[in-house]
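The values are calculated or read from the model by the stated rules, or taken from the named source; none is laboratory data. Predicted model only: the values in this text are computed from it and were never measured. Cβ placement follows ideal geometry from the backbone for every residue including glycine, while neighbour counts extend to all protein chains displayed.
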Amino acid sequence: MAVAIYKKGQGYYTRVYTAIGYALLVLWGAWWLKDQIESVDLGIYQKYIQAGAALVFAGVLSYIGYLFIGKKKRSVDFLVATEGEMKKVNWSTRREVSGSTVLVIIISFFIAVLCWIFDNIFAWFFALIDVLEPTL
């Protein structure tokens, strides 16, 4: 079995960032597994079993990640196509994002005030027809 990477120069940044994210998840999972084994009393070999299980877990998942990120044609083609499509995206400017954020906050506040007003109107109305007890 060859160790060569499929389509080596294409989709470089997408593959690198996917590999970094995957590596962080694998390390997090290995740490979690170590902590799970720590709660079981295995005697004098506790630390060795913890380290061994975490290393085997990380090794197996790292190999699987290598296959999917570097070797498997369908997943590599997907990552290459993803990077190509991301280059075509028209990204918003900082000013547009800031303006949209302010607008969303203002509209959310306005809707909250409207809900409060209608809640008070309905509370008054239902208290008036003796469905609810009046509150101060």
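For the reader, a short list of remarks on this structure follows.
- Taking the stretch 28-76 as the range and being closer than 17 Å to Tyr17 by Cα, in contact with a helix residue (DSSP H, G or I) (Cβ under 7 Å, 6 or more places away or on another chain) and without any contact (Cβ under 8 Å) to a residue 12 or more places away in the chain as the test, the residues that pass are Phe68, Ser75.
- Ser98 in a helix (DSSP H, G or I), out of contact with any Gly (no Cβ under 7 Å at 6 or more places or on another chain), more than 15 Å from Thr14 (Cα to Cα) and free of Cβ contacts under 8 Å to residues at least 12 places away in the same chain: yes
- In summary, Thr101 fulfils each of the numbered conditions (1) modelled with pLDDT of 90 or more; (2) touching a Phe, Trp or Tyr at 6+ places or on another chain (Cβ under 7 Å); (3) of a type in the set (Val, Ile, Thr) with the single exception of condition (2).
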